[in-house]
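Let me begin by presenting the structure, written as structure tokens, before commenting on it.
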Amino acid sequence: GGIITQTPKFLIGQEGQKLTLKCQQNFNHDTMYWYRQDSGKGLRLIYYSITENDLQKGDLSEGYDASREKKSSFSLTVTSAQKNEMAVFLCASSIEADQDTQYFGPGTRLLVL
Amino acid sequence: GQQVQQSPASLVLQEGENAELQCNFSSTATQLQWFYQSPGGSLVSLLSNPSGTKHTGRLTSTTVTKERRSSLHISSSQTTDSGTYLCAIDRNNYAQGLTFGLGTRVSVFP
């Protein structure tokens, strides 16, 4: 077994601020993902990484940067928070990218004032 | 890109009733996963079933790949089954990650 932890659980930011979300996994999985969940919309992929130092853009990468510093961690940066933005950011991992179960963290809830 | 449609949008059950959730997708999927999202928001993988039939506990998933549809059957529902059930498929053949439907919100009452 293993676990994915995300920090912080809640993030309140100001418009224009740069905000960083962190994700750690101890599954020893190669691939990690960042998804965004908005009310009324399905989860959307922001970035993913198939190995340390690899970065691949998803469907919603504009406005975000990501960093895979080591195999166990994957960070996401909101480069300029948008006023009244409210979403949940979910980190996931899988052994390999293809045809494999993804395991999710508990999420970071973002509110921008 | 891929699109995923789930139906019904919501479902109300009395404890003990069965339920059938549907997932239709726009093109052939090599990955298909059903997830449960609790009212608190955490996402748990229930089944990975890109084709055929799979069972786990009171859950049965049947995927007919050629017809681009999958179903999740919940038998003898319990109040703890309440939450949102999400269907997800691979984004496309050459990109990683999943495309999700909007989910079916299930409420089970005693």
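What follows is calculated from the coordinates using simple rules that are stated; it is not laboratory data. Bear in mind the structure is a predicted one, so any value in this text is a computation, not a measurement. All Cβ positions, glycine included, derive from the backbone under ideal geometry; neighbour counts span all protein chains shown.
Of the three principal axes defined by the Cα atoms of the stretch A:4-108, the extents in descending order read 36, 28, 23 Å.
Which shape class, rounded, prolate or oblate, goes with the stretch B:1-109 when its Cα gyration tensor gives a ≥ b ≥ c as root eigenvalues, a/c under 1.5 marks rounded, and past that a/b bigger than b/c marks prolate?
Numbers: a/c = 2.03, a/b = 1.67, b/c = 1.22.
Prolate, since a/c reaches 1.5 and a/b exceeds b/c.
To the nearest 0.05, how large is the calculated FRET efficiency for B:Gln78 and A:Thr51 if R₀ is 35 Å and r is the Cβ-Cβ distance? Write out the running numbers ahead of the final one.
Details: r = 41 Å, r/R0 = 1.17.
The pair B:Gln78/A:Thr51 has a calculated efficiency of 0.30.
Converting phi to 3J(HN,Hα) with the Karplus coefficients 6.51, -1.76 and 1.60 and the offset θ = phi - 60°, the stretch B:24-37 yields 10, 9, 7, 8, 3, 10, 9, 10, 8, 10, 9, 10, 10, 10 Hz in sequence order, with x at every glycine or proline. For the protein assembly as shown, the tally of Lys pairs with Cα-Cα distances below 15 Å comes to 4, considering only residues 8 or more apart or on different chains.
Quick one: pull the percentage of alpha-carbon pairs in the protein assembly as shown with a separation above 29 Å. Of all Cα-Cα pairs in the protein assembly as shown, 26 percent lie more than 29 Å apart.
Relative to the Cα centre, what is the charge dipole magnitude of the protein assembly as shown, using +1 at the beta carbon of each Lys and Arg, -1 at the beta carbon of each Asp and Glu, and rounding to the nearest 20 debye? Mind showing how you got there, number by number?
Numbers: 19 positive and 19 negative charges, 44 e Å.
Dipole about the Cα centre, nearest 20: 220 debye.
Computed from backbone phi, the HN-Hα couplings of the stretch A:37-54 come to 10, 10, 4, x, 10, x, 4, 10, 7, 9, 9, 9, 8, 8, 6, 3, 6, 8 Hz, rounded to whole numbers (Karplus: 6.51 cos²θ - 1.76 cosθ + 1.60, θ = phi - 60°; Gly and Pro given as x). Between the stretch B:1-57 and the stretch A:8-48, the C-alpha centres lie 22 angstrom from each other. When chain B is treated as a Gaussian network with alpha carbon springs shorter than 10 Å, the biggest mean-square fluctuation among B:Thr65, B:Thr80, B:Thr30 belongs to B:Thr80.
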